[in-house]
Amino acid sequence: MRTPSPHRLRKNLTRAILFVIAAVFAIIFLLPTILTISNSFMTATEITANYGKIFQNVSGGSKKFISETVNLKFIPDRVSFSQYATVLIKSPAYLLKFWNSVILVVPIVIFQVLVASFAAYGFARYKGRLREIIFFSYIILMLMPYQVTLVPNYLVSKWLHILDTRWAIILTGIFSPLSVFILTKYMRRIPVSYVEAAKLDGANEWQIFTKLFFPLSGGVLYSVAILVFIDYWNMVEQPIVLLSDSELHPLSVFLSKINSGEVGLAFAVATIYMIPTLLMFLHGEEHLVEGITYSGGIKG
Amino acid sequence: MKRLSLRGLKKPRPDPADEQISPMRRLFHRSPLSARERRIKHASAAFLAPSIAGTLLFFGMPFVVVIYYALVDNPISHNFVFLNNFIALLNNTAFRLAAKNTAMFSVVAVPLAVVLSLLLAMLLDSRIPLASQFRTFFLSPMMVPVASVVLIFQVIFHFNGALNALLARFGLAPIDWLKSEYNRYVVMILFLWKNLGYNMILFMAALSNIPAEILEVSTIEGCGALRKFFAIKLRYLSSTILFVAILSLINSFKVFREVYLLTGDYPYDGLYLLQHFMNNTFKSLDYQRLSAAAILMALVMIIIIGVLFLIESYYGRDVEG
């Protein structure tokens, strides 16, 4: 009676195997994150010793396989903050670019979520033929690759004389349709009975929005904000096309250019750059999942 | 408070109009509005105004201009040439190479992204320990800045990189991963690594929404795991599969970011993507070709999405997901 049945045993074995598979995948998925963080604590000499071979003969383009290869290391010989010191104190260029990222991304996130929550309320509150058609064109727009919307964005920035200014990126970013879509999907699930009750209490449309729909969507608003933030925090194409002045470029673009010269710094800068995303993630992962849950399924 | 209200929200609110009239009919069917409905309609339209105005200004209007550009010979003389720009584009060897490569990449990458993320979701759904930690780990690639992803992929896949060092230890010949046919696989791995986590969460959410009673009944009736998957779960997942497929399609275009940073303006032939073509055309300011390519891409996307919708509505016809 006490010995586990063969059925039970087999079930536990399967679970153990599945656990191992999941663990292997998890390690592969975590690898680049861990590498970035751990390598940021190495000294410049150690980084050059480990990876220098790759970035030295980049220009030569020789296809010769030299016997010394890179030395992929997870644990630094000696934990050092010298890279961080360089980034934070000696070269203000990085901080300047970080600030560039902040002033581009923060307004986009705030205003995109705000404008989108208004629009979502409009789509959720009433379903008419015209509104369905408009909503469907938002979906189509959302699905367009960036290279398609890039041409219109460029043209309109030129007409409005905001090309090569931050406004070109901020204004086009605010009206990106993804958050309208997710928020509409969510707000359409808010029961009509809530609205009826609010109406009985004498609430007008503005009050229904601010006192009912907006607070009820809190988690989803947060998850949309995280998604928009991640998307724009890592933008590369938009600044390259819309901002010719590289002084204004965000760190995400600048980071991609320091690869060849200062590899050591790149890890420290990348780690610093990851911190805001990491904080949002750790704080809001549950919300993120929640927001995704209600956006599943594209129709409706 | 939040948990409570969410439980109440699980089911979409029933719309009486949904029950009798088909979606197609509903689209063309106009019933007279009551005064109350009309008031709601007008009041809530004001909420839509900022978004619609901005979208029209930044996307709608300029896109009309793009269509116009695609139909004229040059921006100065404005002679209508109708489809000539499109024909020239289709005869352009660079465009054809780019279109072929992009299509080949998406055709392989999108199904892989759907199937693998569904498998991962089922893996985490099978009550293994630490499942929620694993979920966080699988999402972690979303945080890593593009540039450091590229840096690390270089360290691993460079000709003198870590992977070749590993191969050498086993006595295998080194492979130039980034500058040969193999770079397609590297980019594929990069794409999957980046996107599987998010897709997986979508599937986990959908899996947890399958009514437990149906699965219990099927177990009692002696239904095997495979049968359960194909006859029940897949039906309920169909709308999520569609969503994940479309999302992966969009993201398969976004992989250009990494390809561009890995290989520059003119990569090895196998990785010359439509976005390279667009970028290079953009630099040479050839608006006609650029507009024609944008419209062609938009049309192809609309057709693909339409087909996916049709497939989904056929398979998911008798479940309300």
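Between B:Leu116 and A:Ile34, take the C-beta separation as r, use R0 = 30 Å, and let me know the FRET efficiency to the nearest 0.05.
Numbers: r = 22 Å, r/R0 = 0.72.
E between B:Leu116 and A:Ile34, to the nearest 0.05, is 0.85.
Residue separation times 0.36 nm, minus the C-alpha to C-alpha distance between B:Phe80 and B:Leu234: what's the value?
Values: separation 154, 0.36 × 154 = 55.44 nm, distance 5.01 nm.
Roughly 50.4 nm would be gained on extension.
Summing Lys, Arg as +1 and Asp, Glu as -1, what charge do residues with Cβ under 13 Å from the Cβ of B:Leu247 carry, B:Leu247 excluded? Numbers along the way, then the final one.
On the way: positive: B:Lys194, B:Lys254; negative: A:Asp231.
Residues near B:Leu247 contribute +1 overall.
Using only helices, what value at 222 nm comes out for chain A when you add -39,500 (n - 2.57) per DSSP H run of length 4 or more and divide by the total residues, to the nearest 500 deg cm²/dmol?
On the way: 13 runs with 202 residues, N = 300.
Computed ellipticity for chain A at 222 nm equals -22000 deg cm²/dmol.
With θ set to phi - 60° and the Karplus curve 6.51 cos²θ - 1.76 cosθ + 1.60, what are the ³J(HN,Hα) couplings of the stretch A:187-198 in order, to the nearest whole Hz, using x for Gly and Pro?
Ordered by residue, 3J(HN,Hα) equals 5, 5, 8, 6, x, 4, 4, 4, 5, 4, 4, 5 Hz.
Two-decimal Rg/Rh of the stretch B:175-215 from alpha-carbon positions, Kirkwood Rh? Can you show the working numbers first?
Numbers: Rg = 17.3 Å, Rh = 12.7 Å.
Rounded to two decimals, Rg/Rh equals 1.37.
Which whole-Hz couplings ³J(HN,Hα) result when phi for each residue of the stretch A:117-122 is put into the Karplus expression 6.51 cos²θ - 1.76 cosθ + 1.60, θ = phi - 60°, listed in order with x for Gly and Pro?
These are the phi-based 3J(HN,Hα) values: 5, 4, 4, 4, 4, x Hz.
Over the Cα atoms of the stretch A:67-140, Rg to Rh with Kirkwood Rh, two decimal places?
Details: Rg = 24.1 Å, Rh = 17.7 Å.
Value, to two decimals: 1.37.
Using just the C-alpha positions of chain B as equal point scatterers, what log10 of I(q)/I(0) does the Debye formula give at each q in 0.10, 0.12 1/Å?
Rounded to two decimals, the profile gives -0.86, -1.14.
Can you compute the helix-only [θ] at 222 nm over chain B? Use -39500 (n - 2.57) per DSSP H run of at least 4 residues, normalise by all residues, nearest 500 deg cm²/dmol.
Result for chain B, helices only: -22500 deg cm²/dmol.
If you filter the stretch B:236-292 for chymotrypsin sites (Phe, Trp or Tyr not before Pro), then keep DSSP loop positions with at most 16 other Cβ within 10 Å, what is left? Don't jump to the answer; show the numbers that get you there.
Working: sites: B:Tyr236, B:Phe243, B:Phe253, B:Phe256, B:Tyr260, B:Tyr268, B:Tyr272, B:Phe277, B:Phe282, B:Tyr287; in loops: B:Tyr268, B:Tyr272.
Passing both the DSSP loop test and the Cβ count: B:Tyr268.
Would you report the distance distribution of C-alpha pairs in the protein assembly as shown as whole percents per 20 angstrom bin, up to the bin with the largest distance?
Bin by bin from 0 Å, the calculated values are 17, 50, 29, 4, 0.
If we count other beta carbons within 10 Å of each Cβ, what is the order of B:Trp177, B:Trp193, fewest first? Spell out each step's value before the answer.
Details: B:Trp177 21, B:Trp193 18.
Placing the least packed residue first, the sequence is B:Trp193, B:Trp177.
Starting from the eigenvalues of the Cα gyration tensor, five times each then square-rooted, give me the equivalent ellipsoid semi-axes of chain A, largest first, whole Å. Working shown, then result.
Numbers: eigenvalues 347, 208, 65 Å².
Largest first, chain A gives 42, 32, 18 Å.
Using R₀ = 56 Å, calculate the FRET efficiency as 1/(1 + (r/R₀)^6) where r is the Cβ-Cβ separation of B:Lys179 and A:Leu200; round to 0.05. Kindly include the intermediate steps, with their values, before the conclusion.
Numbers: r = 70 Å, r/R0 = 1.25.
Efficiency, rounded to the nearest 0.05: 0.20.
Hey, what do the phi angles of the stretch A:222-228 turn into as Karplus ³J(HN,Hα) couplings, whole Hz, using 6.51/-1.76/1.60 and θ = phi - 60°, x for Gly and Pro?
With coefficients 6.51, -1.76 and 1.60, one gets 5, 5, 5, 4, 4, 4, 5 Hz.
Where the centroid of each part is defined by its Cα atoms, how far is the stretch B:66-86 from the stretch A:147-212 in Å?
34
Tell me which residues come under 5 Å, amide H to amide H, from B:Val72 once H is placed; ignore anything under 5 positions away on its chain.
Amide H neighbours of B:Val72: B:Val81.
Take the Cα atoms of the stretch B:199-321, build their convex hull, and give its volume per residue in Å³. Provide the component values of the computation, followed by the final result.
Numbers: hull volume 16.2 nm³, N = 123.
Spread over its residues, the Cα hull of the stretch B:199-321 gives 132 Å³ apiece.
Since every read-out is calculated from the coordinates, none of them should be taken as a lab result. This structure is a prediction, so every number in the text was calculated from the model and none was measured. Every residue, glycine among them, receives a Cβ derived from its backbone with ideal geometry; neighbour counts consider all protein chains shown.
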